[in-house]
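The values are calculated or read from the model by the stated rules, or taken from the named source; none is laboratory data. Keep in mind the model is a prediction, meaning the values are calculated, not measured. Heavy atoms of the whole protein, side chains included, go into the accessibility calculation; ligands, DNA and RNA do not. Shrake-Rupley method; radii C 1.70, N 1.55, O 1.52, S 1.80 Å.
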Amino acid sequence: MQLKNDLGTAQIGTVLKDHPRIGEILAKYDIGCVTCGVGICLLKDVVSIHALGDEVEQKIEDEINAYLDEQ
């Protein structure tokens, strides 16, 4: 997963705090990390661990990068 600003290597808790919209994107694909109290998993690992397939992972990557372009 190639996310802008190397965001894939950031902890999901930090990502969601700084970018709540990314939580909305993940939730759309049934990735429920928004409610996680720990938040230490890396964003790229959170997506890959759900084994959604290459096509869906690419859609998530594209949506997150499009959001980041708007910032």
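Tabulated data
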| item | result |
| --- | --- |
| Rounded percent of accessible protein surface that carbon and sulfur make up, the chain, 1.4 Å probe | 49 percent |
| Debye intensity ratio in log₁₀ form over the Cα atoms of the chain, taken at each q of 0.24, 0.26 Å⁻¹ | -1.13, -1.37 |
| Accessible area (Å², 1.4 Å probe, nearest 10) - Ile49 | 130 Å² |
| The chain: relative contact order in percent, alpha carbon pairs under 8 Å with at least 6 residues between | 41 percent |
| Accessible-area value, Lys4, 1.4 Å probe, nucleic acids and ligands omitted, Å² | 80 Å² |
| Gain upon complete extension [Tyr67, Asp54; 0.36 nm per residue less C-alpha separation] | 2.7 nm |
